[in-house]
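Participant: The structure follows.
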Amino acid sequence: MSATPDPTLVSAPAAPPLPDAAVPYVQPAGTGRGHLLLGQVARAMLGAEQSNGQLSFMTNCGPKGRPIPLHFHDREFEVFLCTRGRVQVWADGESRVLSPGDVAIVPPGVVHAYQFHSHFSEFVGPITPGGWDRFFDLCGTPYEAPAFPPEDHSPPPFAKFAQAEQQYNMKYLPPDTPYAPPTWDAADDTLPGAMKPYFLRSGEGPRHLLGGQMVTTMITSDESDGDLGMWTVQGTVGGEMPAHVHERTHEAIYVRNGTVRVTLDGESHLLAPGDCASIPAGCVHTYAFESAVTRAIVMSSPGGLERLFALAGEPYAHHVFPATPAAFPDAAAMEAAAAELDVHFVDA
């Protein structure tokens, strides 16, 4: 005899799968293509199939533990943006312990690793080109829960790691390779202007004001050999971006704080913290802030869109957004600023 279902229990809705093509969509927080590996859960919210191979966007969370092995990639440009806890990142013989908002940039060919130092740590970031997220399909175990399991007793998949070296053009260093101690007093407040590894503290980087929004640039085409741009946009209720479209650039928006209403080809979506909007080339889109304190990470591949805020806005010396939003320049001025970029403003 079967038990009577408890009417007080409400099942969580099934997480939407990633689409099979580069179409506009929103992926809710804690969903996406997830895999458990060494006690951590790596989750692809955007992959090569969804971006025509241009980029992946991943989240990775787990408990404090040992560092992963030092390794490097032949092709991939990786970003480690700490969003929770503390995450130590090694890159090219240097190391930092990242707090939320701090970022580490690792170009191809650079030896790197990471380690979680808090009971629940997380980092997110784009990877160019797209496709590296499939490493976790090979080496991990499919995992659907939104965080990570209390315990993971599965053995390390050493044979699959060896296969991954060949399949994903990467190389692990010998296990006795030393890990550099962290540096605590580095400024980490400027972009290098060339493709090299670097660390950037939360809130640092070139800042511009546009439409009453504070835009802080973390990666430009100069640092990514043209493959990626990434910036933080912050503001309050009423801040918005006029409707526009890109001919060849794939863009994504990841919400850190507050709520953001994103419109994709006329369809409106309300994004909460941890949600990600994938915006392929050809999609007319806009966003509007609907909370008093709003912060989102925006990334684009290829790079270049980040220059819009320097061209159309003005340098901003402060580290906090204005109390009220402001009007954008008129359409003609915005089009003139964007003339050399892959941006075209349209009537909403």
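Participant: What is the one condition in (1) farther than 22 Å from M230 by Cα; (2) surrounded by fewer than 20 Cβ atoms within 10 Å (Cβ to Cβ); (3) out of contact with any His (no Cβ under 8 Å at 6 or more places or on another chain) that N169 does not satisfy?
Facilitator: Looking at each condition in turn, N169 falls short on (3).
Participant: Among the residues in the range 174-188, are any under 26 Å from V293 (Cβ atoms) and either charged (D, E, K, R) or not assigned by TED's automatic domain parsing to the domain that holds L55 (or both)?
Facilitator: First, the residues of the range 174-188 that are under 26 Å from V293 (Cβ atoms): 188.
From the residues that got through so far, the ones that are either charged (D, E, K, R) or not assigned by TED's automatic domain parsing to the domain that holds L55 (or both) too are 188.
The answer is yes, given that some residue of the range 174-188 is under 26 Å from V293 (Cβ atoms) and either charged (D, E, K, R) or not assigned by TED's automatic domain parsing to the domain that holds L55 (or both).
Participant: Do the conditions hold for F199, that is, is it over 30 Å from R248 (Cβ atoms), within 20 Å of the chain's Cα centre (by Cα) and part of a strand (DSSP E or B)?
Facilitator: On the way: over 30 Å from R248 (Cβ atoms): yes; within 20 Å of the chain's Cα centre (by Cα): yes; part of a strand (DSSP E or B): yes.
So F199 fits the description; yes.
Participant: One residue is enough: does the range 179-192 have a residue meeting the conditions within 22 Å of G62 (Cα to Cα) and among the charged types (D, E, K, R)?
Facilitator: no
Participant: Would you check which residues across the range 310-348 are farther than 15 Å from V245 by Cβ, crowded, with 18+ Cβ neighbours inside 10 Å and either out of contact with any helix residue (DSSP H, G or I) (no Cβ under 8 Å at 6 or more places or on another chain) or β-branched (V, I, T) (or both) and list them?
Facilitator: Matches in the range 310-348: G313, Y316, F321, P325.
Participant: Test of understanding: among T177, T232, T217, which residue is of a type outside the set (A, V, I, L, M) and more than 29 Å from P28 (Cβ to Cβ)?
Facilitator: Values: T232 fails: more than 29 Å from P28 (Cβ to Cβ); T217 fails: more than 29 Å from P28 (Cβ to Cβ).
Exactly one residue qualifies, and that residue is T177.
Participant: Pick out, from the range 69-136, the strands (runs of 3 or more DSSP E) lying fully within it that include 2 or more residues that are β-branched (V, I, T). Steps first, please.
Facilitator: Numbers: elements: 71-73, 77-84, 87-91, 94-98, 103-106, 112-116, 121-128.
Output list reads 77-84, 87-91, 103-106, 121-128.
Participant: Within the range 24-40, can you find the residues that are in a loop (DSSP other than H, G, I, E, B) and more than 16 Å from S56 (Cβ to Cβ)?
Facilitator: Initially, the range 24-40 is screened for residues in a loop (DSSP other than H, G, I, E, B), giving 24, 28-32, 38-39.
If the condition is that a residue be in a loop (DSSP other than H, G, I, E, B) and more than 16 Å from S56 (Cβ to Cβ), then P24, P28, A29, G30, L38, G39 are the ones that fit.
Participant: Take the range 266-280 and flag every residue that is within 18 Å of S300 (Cα to Cα) and either in contact with a Cys (Cβ under 8 Å, 6 or more places away or on another chain) or charged (D, E, K, R) (or both).
Facilitator: Residue satisfying the conditions is D275 alone.
Participant: Which residues, counting only those in the range 138-191, are under 23 Å from the mean Cα position of the chain (by Cα), closer than 24 Å to S95 by Cβ and of a type in the set (S, T, N, Q)?
Facilitator: Residue satisfying the conditions is T190 alone.
The values are calculated or read from the model by the stated rules, or taken from the named source; none is laboratory data. Small disclaimer: the values here were computed from a predicted structure and weren't measured. Because the Cβ atoms are built from the backbone with ideal geometry, glycine has one as well, and the counts that use them run over all protein chains shown.
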